[in-house]
Protein chains: 2
Amino acid sequence: MNDLVNHRLRHSWSADGGAASLPDRAVRWLGQRIGPVGVDRGSRVDSRRNVPGSAVPEAARAELAALLGDEYVLLDGSQRLDRASGLSYLDLVRARAGAEEVPVPDAVLLPADPEQVQAVLDVCVRHDVGVVPFGGGTSVVGGVAALRGDKAAVVALDLVRLDELVSVDPVSRIAVLQAGVRGPEAERLLAAHGFTLGHVPQSFERATIGGFAATRSAGQASSGYGRFEDMVAGLRLATPKGEWRLGVAPASAAGPDLRHLAVGSEGTLGVITEVALRVRPLPDQRYYEGWVVDGWQAGAAAVRKLAQDHGLADVTRLSDVDETKVSFALNAGWKTTALRAYLAARGIRNPCLLIVGWEGDVGRRRARTRAMLRCADAHRIGPALGQSWLRGRFSGPRQRDTLLDHGVCVETLETATYWSTVDELHDAVRDALTTSLGRAIVMCHVSHAYETGASLYFTVLASRDDADPAGQWQRAKAAASEVITGLGTISHHHAVGVDHAPYLAAEIGTLGVEVLRAAKAAVDPTGILNPGKLLG
Amino acid sequence: MNDLVNHRLRHSWSADGGAASLPDRAVRWLGQRIGPVGVDRGSRVDSRRNVPGSAVPEAARAELAALLGDEYVLLDGSQRLDRASGLSYLDLVRARAGAEEVPVPDAVLLPADPEQVQAVLDVCVRHDVGVVPFGGGTSVVGGVAALRGDKAAVVALDLVRLDELVSVDPVSRIAVLQAGVRGPEAERLLAAHGFTLGHVPQSFERATIGGFAATRSAGQASSGYGRFEDMVAGLRLATPKGEWRLGVAPASAAGPDLRHLAVGSEGTLGVITEVALRVRPLPDQRYYEGWVVDGWQAGAAAVRKLAQDHGLADVTRLSDVDETKVSFALNAGWKTTALRAYLAARGIRNPCLLIVGWEGDVGRRRARTRAMLRCADAHRIGPALGQSWLRGRFSGPRQRDTLLDHGVCVETLETATYWSTVDELHDAVRDALTTSLGRAIVMCHVSHAYETGASLYFTVLASRDDADPAGQWQRAKAAASEVITGLGTISHHHAVGVDHAPYLAAEIGTLGVEVLRAAKAAVDPTGILNPGKLLG
């Protein structure tokens, strides 16, 4: 039992011992650019004493305990607090402040299997209790906030016990995984059969199969393995109207593809309990390397060429000038002096770092990508930068915790648009963030490229306004979101949650929102599923 | 004006002068296998005299005429009959019999642009008139049948005047085409900008952009260019609740992807007026060739290998033993004697023909496919068979007309499933059709292959039961559909229409059907859009 709950996060990514250090040199470098940092402003208030009592009606609690067993219905304040929110900057700031306004679920439920999930929903419908599906808790958009909507009580439905590889069909290359399986465990289970999923978002270490599906996740190797929705062959959902299974063939013309309604539904249309996924053979090789392009526009043009002429590496990741500068400054592992000489010798004034990596059939594809990059005036630096990126690929959230300890406002946001708008959107978001935050570092990379366009992923570093840290970021985020609306999507892979809900209608139309509301009413007529998410 | 309406079909594919001939040799060959054929049983009753008067209320007609102009509101019986149905075997048989039970639309409306389409819907909502969107009229599942549902009148909304290339974004490689643009015209318009769509279903010559989107079409080169839904970047729809636009980025995590709800909605959720499509550079080369594999299972395994190891040609098409026999028997252009000697020399007893074709960057990819096919014990015959297939790729419907003239019951049906079920489904559908039809030729090919599975496309030839030609096919189709339900999808690229509606709930769940009904109610509360289709 302790195994099931003790992996929890205590509202930071570093609590499980993986804290990142911030060298003095980096602290000084940052201080010169964004203002005062380095003072230890990381003190955290113990919120545990403030957790209110559970509002779950006793009759409901008794039914749930009879169903799941007493030990799988947690009312303890500490356990409930651990599932109260995700891991956005706002979540972290509020948690550190011990803010009493953060809503806390009234119970944590730990069902064992899809049947128990269905039975829990039936109980919650009868007692009109809200249900927040909870996987890895890594949402950065408020997707797991314990909002009540019009319900008197809300529970966190933690799917951690749905941890099985249900089946593997090696001929069709499809594996069925339960929703609570986390990234590394999914890979371990599949590797025993010679397969990989290849889905490695930055949240990989904690995020779950169900969460990947519910949020339309995209991994760092999406250029090779596809977005998560490209992997989904089928889904099993529990809904207040009963179980719902989707997916009978690789492709179909039997009406709209409802798998695309379930994927991205963020727990509002059902609780995803199992996902049938396209898997691939475990790669026997992987190779990563760094290139440099002179200037953002030249870099974007090179990535566009790769995407449109079928030359993308499995990982293709282009940093803009500012992100490249920070990478060079903060990563001591890179031989900065040698690199500077290399760039100078080639007359490169505005280096943009391009990381490319191949898995599996490396040789043939690497030759093609390299030839295309050379044609695009890119310069190969070598494998050291690629390896360095690979080692640090999941470290972002840990670095963020450390930066928070140093009084830095640090957050990311992301979007995507068509190629002809990429430059305009890049500049407009940068401007909006800089205008709002003043002295700040705003950096960006393209990590997902398509024939028709690309994602843009921004990271922001500013000196934290300790008087109003949440307001400081909310204003900057709102400025960026206003700019994004009309030029791109409000989220390429972080989902909608609470934070992006105000911008959804501008993207899919008020009619689109009405259609989603109608779909929700059909499967969840009393609205118990994830109140306040996606549709606001 | 005549240009706009005279391309019509008169309920056959051959009426525009492209009739296929059936050599005596082929007639004899067929007769030996399926029983009496060759007698001229193609007599057609002139249905025109039976067309009932229009039931469109005079007030509605006047409003529509004021909106579109008198000449674009057609009440003439002949024009209405021409949009009364699609081109399934049942449609053709009924049309030939001059069957009075075929419902005929009460008017044909010819709006000029998306704004007029929207205005037409507004009029039809006010007067409670049903609307059947009509593109190329090539549906083989009853998708354009002029069903009234609970409405007193229904109109065919012919989109032929929405014939423009709206815009081309060469950087993002996206073109916006209006819904009424037919396949060849789309290619002509795009070619002027150096682009191609690459979408070539058998209905290519007549089917439209709007129809491709509404039915989730898949073309013969889908292995290279993708299914039609893979090309859709965005859509513009007219609905009773106003215009609806979808698609702001190549990929998004802003909730469910509603483009996948619009694509495949078959006119029930809105009238698609414009589609933004991913385009590709016009190929400067194309190369097609034939291979032979010994036996169906070996052939399917070879195609699976290509699909799973990224070696598919742009066109990859495997015929089973029976389809291969018919191809060899009916196509005099192939050097049958030489082929027999070739097969005998290699000990191939159950030849299965495999057509592969590449467009654009031929050399590199051809080498890879060929190497993989050799490893899979496939034997290359050469380009003649490939070229022969390419020449005849759109001739199926014309041959069908000729076969109908000769008293043959001839129809196709298709499905898709995961690789581990392909053989079982192939055999089960064959058995079901043969059991129902008695002496019949049932042949099958895989024309769309995916990493996880493949389509199966069956063609059936039997001696027609002139006493009950419709019932003869309906019983066979029902038997096949029962088998398909549970093993695969009821349609891989023909859509649902009327014919497949009874099987939809088994595929997407009664909950899936309820969700679609709810979505429809949100955009079309009075149910004027394509009554009786998709949802029955």
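The values are calculated or read from the model by the stated rules, or taken from the named source; none is laboratory data. Since we're looking at a predicted model, the values are computed, not measured. Neighbour counts run over all protein chains shown; Cβ positions are idealised from the backbone, glycine included. The accessibility values were calculated without ligands, DNA or RNA, using every heavy atom of the protein model including side chains. Shrake-Rupley method; radii C 1.70, N 1.55, O 1.52, S 1.80 Å.
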Confirm whether residue B:97 is hydrophobic (A, V, I, L, M, F, W, C) and open to solvent by 40 Å² or more (accessible area, probe 1.4 Å).
-> yes
Checking A:176, A:154 in turn, the sole residue that is among the aliphatic types (A, V, I, L, M), touching a residue at least 60 places away in the same chain (Cβ under 8 Å) and either open to solvent by 10 Å² or more (accessible area, probe 1.4 Å) or within 14 Å of chain B (Cβ to nearest Cβ) (or both) turns out to be A:176
Criterion: in a helix (DSSP H, G or I) and closer than 25 Å to residue B:92 by Cα - qualifying residue of B:519, B:476, B:462 = B:476
Filter region A:157-173 for residues that are farther than 20 Å from residue A:52 by Cα and away from chain B (no Cβ under 14 Å); the one that is most open to solvent (accessible area, probe 1.4 Å) is A:164
Of the listed residues (A:279, A:321), the one being farther than 30 Å from residue A:20 by Cβ, touching a helix residue (DSSP H, G or I) at 6+ places or on another chain (Cβ under 9 Å) and β-branched (Val, Ile, Thr) is A:279
Out of contact with any Phe, Trp or Tyr (no Cβ under 8 Å at 6 or more places or on another chain), closer than 30 Å to residue A:149 by Cα and within 14 Å of chain B (Cβ to nearest Cβ) - does that describe any residue in region A:416-432?
-> no
For residue A:273, all conditions in the list (1) at pLDDT 95 or above; (2) more than 30 Å from residue B:369 (Cβ to Cβ); (3) surrounded by fewer than 18 Cβ atoms within 10 Å (Cβ to Cβ) hold save one; what is the number of the exception?
-> (3)
Out of region B:487-505, which residues are within 9 Å of chain A (Cβ to nearest Cβ), part of a helix (DSSP H, G or I) and under 17 Å from residue B:432 (Cβ atoms)?
-> B:503
For residue B:529, are the conditions met, namely being under 24 Å from residue B:256 (Cα atoms), among the hydrophobic types (A, V, I, L, M, F, W, C) and more than 11 Å from chain A (Cβ to nearest Cβ)?
-> yes
Between residues in region A:341-367 that are assigned by TED's automatic domain parsing to the domain that holds residue A:386 and residues that are part of a helix (DSSP H, G or I) and open to solvent by 50 Å² or more (accessible area, probe 1.4 Å), which pairs lie under 9 Å by C-beta distance while being six or more apart or on different chains?
-> A:348/A:342; A:351/A:325; A:356/A:366; A:358/A:365; A:358/A:366; A:364/B:368
Among the residues of region B:54-83 satisfying the criterion of being at pLDDT below 95 and either among the small types (Gly, Ala, Ser) or not assigned by TED's automatic domain parsing to the domain that holds residue B:147 (or both), which is least open to solvent (accessible area, probe 1.4 Å)?
-> B:77
Taking the stated definitions as given, is residue A:329 open to solvent by 60 Å² or more (accessible area, probe 1.4 Å) and part of a helix (DSSP H, G or I)?
-> no
Single match in A:212, A:228 (criterion: under 15 Å from residue A:176 (Cα atoms), buried (at least 24 other Cβ atoms within 10 Å of the Cβ) and more than 10 Å from chain B (Cβ to nearest Cβ)) = A:212
Does region B:284-301 contain at least one residue that is within 26 Å of the chain's Cα centre (by Cα), within 12 Å of chain A (Cβ to nearest Cβ) and part of a loop (DSSP other than H, G, I, E, B)?
-> no
Here is a list of conditions, (1) at pLDDT below 65; (2) in contact with a helix residue (DSSP H, G or I) (Cβ under 8 Å, 6 or more places away or on another chain); (3) open to solvent by 30 Å² or more (accessible area, probe 1.4 Å), and residue A:29 meets all of them except one; can you say which number that is?
-> (1)
Taking region B:454-469 and keeping residues more than 30 Å from residue B:226 (Cα to Cα) and either of a type in the set (Phe, Trp, Tyr) or open to solvent by 20 Å² or more (accessible area, probe 1.4 Å) (or both) leaves B:463, B:464, B:465, B:466, B:467, B:468, B:469
Does residue B:339 meet the test of being closer than 20 Å to residue B:383 by Cβ, within 26 Å of the chain's Cα centre (by Cα) and either modelled with pLDDT of 95 or more or open to solvent by less than 30 Å² (accessible area, probe 1.4 Å) (or both)?
-> no
Is it true that some residue in region A:205-218 is at pLDDT 95 or above and within 30 Å of residue A:350 (Cβ to Cβ)?
-> yes
Considering every residue within region A:487-497, establish whether at least one is small (Gly, Ala, Ser) and either surrounded by fewer than 18 Cβ atoms within 10 Å (Cβ to Cβ) or modelled with pLDDT under 95 (or both).
-> no
Out of (1) more than 8 Å from chain A (Cβ to nearest Cβ); (2) within 21 Å of the chain's Cα centre (by Cα); (3) farther than 20 Å from residue B:114 by Cα, the one residue B:260 does not meet is (1)
Kindly indicate the residue of region A:512-521 that is within 7 Å of another protein chain (Cβ to nearest Cβ) and buried (at least 22 other Cβ atoms within 10 Å of the Cβ) and also farthest from residue B:258 (Cα to Cα) among those meeting that condition.
-> A:519
Go through (1) within 20 Å of the chain's Cα centre (by Cα); (2) open to solvent by 20 Å² or more (accessible area, probe 1.4 Å); (3) among the hydroxyl-bearing types (Ser, Thr, Tyr) and name the single condition residue B:418 misses.
-> (1)
Quick one: count up the residues across region A:377-393 that are open to solvent by less than 40 Å² (accessible area, probe 1.4 Å) and not charged (D, E, K, R).
-> 8
Of the criteria (1) over 24 Å from residue A:139 (Cα atoms); (2) modelled with pLDDT under 80; (3) aliphatic (A, V, I, L, M); (4) open to solvent by less than 60 Å² (accessible area, probe 1.4 Å), which one residue A:39 fails | (4)
Taking region B:491-519 and keeping residues of a type outside the set (Gly, Ala, Ser), in contact with a strand residue (DSSP E or B) (Cβ under 7 Å, 6 or more places away or on another chain) and in contact (Cβ under 8 Å) with a residue 60 or more places away in the chain leaves B:492, B:493, B:494
Selection within region A:234-255 - out of contact with any Cys (no Cβ under 9 Å at 6 or more places or on another chain), open to solvent by less than 30 Å² (accessible area, probe 1.4 Å) and either part of a strand (DSSP E or B) or more than 7 Å from chain B (Cβ to nearest Cβ) (or both) = A:234, A:235, A:236, A:237, A:238, A:239, A:242, A:244, A:246
Given the conditions (1) over 22 Å from residue A:251 (Cα atoms); (2) open to solvent by less than 10 Å² (accessible area, probe 1.4 Å), every one holds for residue B:441 apart from (2)
